[in-house]
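What follows is a single structure, written as C-alpha cells, with notes after it.
The values are calculated or read from the model by the stated rules, or taken from the named source; none is laboratory data. Quick caveat: nothing in here was measured; it's all calculated off a predicted structure. Positions of Cβ are backbone-derived with ideal geometry, glycine not excepted, and every protein chain shown enters the neighbour counts. Surface accessibility is based on the protein's heavy atoms, side chains included, excluding ligands, DNA and RNA. Shrake-Rupley method; radii C 1.70, N 1.55, O 1.52, S 1.80 Å.
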Amino acid sequence: MISKDLALAEKLLKEGNLVAIPTETVYGLAANALDVKAVAKIFEVKNRPTFDPLIIHTNSIEKVRQFVEYIPEKAELLAQTFWAGSLTLLLPKRDIIPDLVTSGLSRVAVRIPKHPLTLTLLEKLNFPLAAPSANPFGYISPTKAEHVEAQLGNKIPLILDGGACEVGIESTIVGFEEGKTIIYRLGGISVESIETIIGNVEIRPHSSSNPNAPGMLESHYAPRKPFFLGDKNVLLKTYLPKEIGLLSFSEFQEDFPLENQKILSSNKDFLEAAQNLFSYMRELDQMPVKVILAELLPEENLGKAINDRLRRASTK
Ligand code: TXA
Ligand code: MG
C-alpha cells in the first residue's frame, strides 16, 4: 500500500515490520536495525545475499555516536558538510549493531538522509533504520513509490510516499584506511566536492579486489533486457532501429524512432540526468524493444557516478 501515513509507518517499524521509505537518493526498504529478526526480513524480501551489508539511517550526529566507537576527524568534517545528504560513512561499529547488518564486518555504514518525511519518522524512533535500496537484488533502484509498489508491493505492508527522489542515485560511500580516505561507491556527492573539504581521496569502487565492500558487485542496477554501452553500428548489424531503445545524455538520434528514446537532460545538467536515470532505465525496459543502448556521460562530477551505474547495468 502506498500512503503518506507517518504514524502507521512508525507503528509498523516498532512492531518489527518492513516499511519502504523515501530518501533523497532512492527509496529504501527499512527495518529496525537493532532487531535481528526484522533485519532478516529485508534480506528475504529483496532476495539479497547476507554477505552484502546494509546502511543504517538516523537523524542526528548525536544518535550516530551511540552506534559507532568513534568518528575520525575527516569523517566529522564530511558529516558536518554533507549531512543530511547523500553521503554514507563507514565507521567502527559498536556491539549494539547486529553482525547481520554489517555482514560480520567491523565497520557499519551510516547516513543521515535528506527527506523531510523520513527525517520526521527517524526523529520519532529510538532505533536506527537499516535500509538497502527497495528493489529486488540486482535490479534497477526505485526512485518513485510506484517503482517499489511494482516489485515489492505484495511483500511489504507499507510504502511511505515521498514523491520522486531529488538526487536519484545512491549515496557516495566513504571510509578511512590508515589515514587515507577511500571512496567505495561513487554516488550523489561528487568526488570533487569531497576533495574540496578534505583533500585527495582514493577511488576504489570494485568488489573483486575489495573484500571490504562485498556488496559492490560488478553486475548491478540491471534492466531485464540486454543493456549495451557504446557503438550503435555494432547493434545495427543484429537489430533493426525500431528494436533498439536508446538512453542518451542530451540529444535525440535522428536515425532511430523517437518514441524509443529517452534523453537524460537536454541541458546537459548532471543533476537532472541523475534524477531521471533509473526511472528512464525502467521505462526503456518496459518498451516494446529487444535491447537497450546507452551512452556514457562526460567523466566529471555526477557523470562519474552515473557512468558507474551504466557500466554495472550493462550486459557482460
Ligand atoms: O543512497 C543510499 O545509500 C540508499 C538509500 C536507501 O539510503 N541505500 C543503498 O543501500 O544504496 P544498498 O544496500 O542498496 O547499497 C549499500 C552498499 C552495498 O553495496 C554494501 O555492500 C555497502 O553499501 N555497505 C554497507 N555496509 C557496508 C560495510 N560495513 N562495509 C562496506 N560496505 C558496506
Ligand atoms: Mg542497492
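Kindly flag which residue pairs out of Lys46/Lys114; Lys37/Lys114; Lys4/Lys124 have an alpha-carbon separation exceeding 18 Å in this structure.
Violating the 18 Å limit, Cα to Cα: Lys46/Lys114; Lys37/Lys114.
Give me the one-decimal nm value for the distance between modelled label points at Arg65 and Ala7, 7 Å along each residue's Cα-to-Cβ direction.
Here the modelled spin labels are 3.4 nm apart.
As a check on your grasp of the helix formula, calculate [θ] at 222 nm for the chain: sum -39500 (n - 2.57) over DSSP H runs of n ≥ 4, divide by the residue count, round to the nearest 500.
So the calculated ellipticity at 222 nm is -9000 deg cm²/dmol.
Within the chain, which whole H helices from DSSP have a Cα span along their axis of at least 30 Å and a mean Kyte-Doolittle hydropathy of 0.5 or more, if any?
Counting only whole DSSP H runs, no helix qualifies.
Can you compute the equivalent ellipsoid semi-axes for the chain, i.e. the square root of 5 times each eigenvalue of the Cα gyration tensor, sorted largest first and rounded to whole Å?
32, 23, 17
Could you list which residues have their amide H under 5 Å from that of Lys4, counting only those 5 or more apart in sequence or on another chain, with H placed in the peptide plane?
Counting only residues 5 or more places away or on other chains, the set is Asp161.
Out of the DSSP beta bridges found with both residues in the range 93-235, what percent are antiparallel (nearest 5)?
Roughly 60 percent of the DSSP beta bridges within the range 93-235 come out antiparallel.
With a 1.4 Å probe and all protein chains in place, put Leu100, Leu258, Leu18 in order of accessible area, largest first.
Leu258, Leu100, Leu18
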